[in-house]
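One structure is given here, and the rest of the page talks about it.
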Amino acid sequence: MEMEKLVSLCKRRGFMFQSSEIYGGINGFWDYGPLGVELKRNIKDAWWHDMITAHDELDVRPGAPSTYEMTGLDCTIIMHPQVWKVSGHQDLFSDMMVDCKESKGRYRYDQLRGRWVEAKGQKVFVTTKVEAEEEDEDLQRRALKFFNLRAKNVEELSWDGDTVSLETISEFENVLAPEAKSVGSLTEPREFNLMFKTIVGAMGTEADTAFLRPETAQGIFVNFKNVVDSTRVKIPFGIAQVGKSFRNEITPRNFTFRSREFEQMEIEFFCHPDSSRKWYEYWRDRRMQWYKDLGLAGERLQLRDHAPDELSHYSTGTADIEYAFPFLPEGEYGELEGIAHRGDFDLRSHMEGKLDPNTCPLEVEKGEDGKPKYRGSGKDLTYRDPETNEKYLPHVIEPSAGADRATLAFLCEAYQEDEQPDDKGKMQTRVVMKLHPRIAPVKAAVFPLVKKEGMPEIAKDVYRALKAKFPAVYDEKGAVGRRYRRQDEAGTPYCITIDGDTLTDKTVTIRDRDSLEQWRVKLDDVVEEIAGRVS
């Protein structure tokens, strides 16, 4: 599937739009249209239902070490600035970037790729920032332009080696930046903090600086004691949150995959240190199965455990659920969700604010006596077991999913094309979004075969009955075949047609989006039939 086709369909059918499009758009921000907002909401609702509200704390789930409880939070986007100092985000949450002194372009260091090429006695490293499928074409075009060659003279270009990341190049004097005309215009890589700054209060001084949260997790950690003290939950238990986060990405790219404003679905699961490894394995496997159950069950989905050199300094295990998005090179995967064993790092940091200088590169502040200075809340965030009276800092397992990336993955997986006859019997390409009925934006569409003989009146009654249960649409415009095609592109799993037989035998035709199977159902049974199939 070509990514351009999906992007076009998303705009045409109202899944997603570029933010502020009438003013030229703003890079890294996307708006969800009428169908998109329903799809994303359905994904978030399915996640919340499956992970939190429908959880049975009385029974041990398959694979779980024991029973456990789940609850939720909704924390503020702006928090006390010290939260981000103690968590390490203010000092460590950075990407490396390079600037082009000629074009004034700014690029993320690890996202620039290029290839060595030689012509007319000069060898340069030509770089590009385009997507993977157009990479080779863009490199060739830029090399021809740099050496002042025509397309018919392409054989004069002598390429050396494969396309590699700019990170593999130690000196930049022979590097041609993506939008430059001469070599050597790139600066040395430097750190760029990804947090959005803002001002709280009317004074507007540096002391009033705050940040839009770059993740939802910290709100859960700082409320850990509040949840324990205000409820009857006891370890093991999980706290979940769905909400917006913000990262000032240097180069947003790949549609909604890497955006500056995005939504997360996160769980912080608190458990005893002795059982934390088993809980990590449980959540890793359970989260993988969730995506499979909703339709990402093919070869494009994989679960990858991190190698030891990839782990954070505080983590004893991390796995990524990854999807082979169409915009990535063949064989590469993009992260959908990370499941991390975080140990007691987060609670300890917010309690003490003291980071180990032997394992964390963050410089620890020291007091006048030369000893590490506490920067945390000073609050006791330990947990006391009500049955054993044991006191300890819980370990944390964090399944952290991106709602926008999940939505994009489900869209990519759903997009299919096949050949079907139109109303006149001529074969045409049918675009169909084979979304799982549970997350499909619209569950059913109702059509009167013709706009007369009482069919519209019956169809509207069926529509109203369905609409009371779940999203449905009524459509009487155009030939039935065209109406089917519109709903196929919207991902609607079932279409219901009221025809001449409905007037005599009180039955309707239901058509399945994927199999194209059609069957008759009694008029009075339509709502129950559709409800049973989409639940």
Inset, instruction - Mind telling me which of the residues THR71, THR67, THR163, THR76 ends up being touching a Lys or Arg at 6+ places or on another chain (Cβ under 6 Å) and of a type outside the set (A, V, I, L, M)? - result: THR163
Legend entry - Extreme residue, nearest to the chain's Cα centre (by Cα), among residues of segment 322-354 that are farther than 18 Å from SER275 by Cα, free of Cβ contacts under 8 Å to residues at least 60 places away in the same chain and crowded, with 16+ Cβ neighbours inside 10 Å: GLU322
Legend entry - Matching residues, segment 428-453, being assigned to a strand (DSSP E or B) and buried (at least 19 other Cβ atoms within 10 Å of the Cβ): VAL432, MET433, ALA444, ALA445, VAL446, PHE447, PRO448
Inset, instruction - Determine, yes or no, whether PHE17 is touching a residue at least 24 places away in the same chain (Cβ under 8 Å) and surrounded by 14 or more Cβ atoms within 10 Å (Cβ to Cβ). - result: no
Inset, instruction - May I ask you to list the residues in segment 320-344 that are assigned to a strand (DSSP E or B) and of a type in the set (A, V, I, L, M)? - result: ILE321, LEU336, ILE339, ALA340
Legend entry - Top-ranked residue of segment 279-321 - restricted to ones that are among the aliphatic types (A, V, I, L, M) and within 18 Å of the chain's Cα centre (by Cα), ranked as surrounded by the fewest Cβ atoms within 10 Å (Cβ to Cβ): ALA297
Inset, instruction - Considering every residue within segment 79-92, establish whether at least one is of a type in the set (A, V, I, L, M), touching a residue at least 40 places away in the same chain (Cβ under 8 Å) and within 24 Å of SER185 (Cα to Cα). - result: no
Inset, instruction - Give, as residue ranges, the strands (runs of 3 or more DSSP E) completely inside segment 5-92 that count at least 1 residues that are closer than 21 Å to LYS225 by Cα and in the same structural domain as GLY402 (by TED's automatic domain parsing). - result: 69-72
Inset, instruction - Report, by residue number, each residue of segment 401-428 that is of a type in the set (D, E, K, R) and at pLDDT below 95. - result: GLU417, ASP418, GLU419, ASP422, ASP423, LYS424, LYS426
Inset, instruction - Looking at (1) of a type in the set (A, V, I, L, M); (2) touching a Cys at 6+ places or on another chain (Cβ under 6 Å); (3) not assigned by TED's automatic domain parsing to the domain that holds ASP110, find the lone condition where ALA202 falls short. - result: (2)
Legend entry - Elements of type strands (runs of 3 or more DSSP E) contained in segment 100-177, each with 3 or more residues being small (Gly, Ala, Ser): 158-165
Legend entry - SER276 vs. criteria of a type in the set (S, T, N, Q) and buried (at least 17 other Cβ atoms within 10 Å of the Cβ): yes
Legend entry - Conditions (1) without any contact (Cβ under 8 Å) to a residue 60 or more places away in the chain; (2) assigned by TED's automatic domain parsing to the domain that holds GLU266; number of the one not met by LEU449: (2)
Inset, instruction - Test LYS292 against the stated conditions and say whether it is under 22 Å from LEU328 (Cα atoms) and either out of contact with any helix residue (DSSP H, G or I) (no Cβ under 7 Å at 6 or more places or on another chain) or at pLDDT below 95 (or both). - result: yes
Legend entry - Verdict on ARG41 being within 30 Å of ALA180 (Cβ to Cβ) and among the charged types (D, E, K, R): no
Legend entry - TYR333 vs. criteria in the same structural domain as ARG232 (by TED's automatic domain parsing), at pLDDT 90 or above, under 30 Å from PHE255 (Cβ atoms) and touching a Lys or Arg at 6+ places or on another chain (Cβ under 7 Å): no
Inset, instruction - With respect to ASP422, determine if the residue is of a type outside the set (Ser, Thr, Tyr), more than 30 Å from TYR383 (Cβ to Cβ) and in the same structural domain as LYS234 (by TED's automatic domain parsing). - result: no
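The values are calculated or read from the model by the stated rules, or taken from the named source; none is laboratory data. Predicted model, so just to flag it, every value in this text is computed and none were measured. Here the Cβ is made from the backbone with ideal geometry for all residues, glycine too, and neighbour counts use every protein chain on show.
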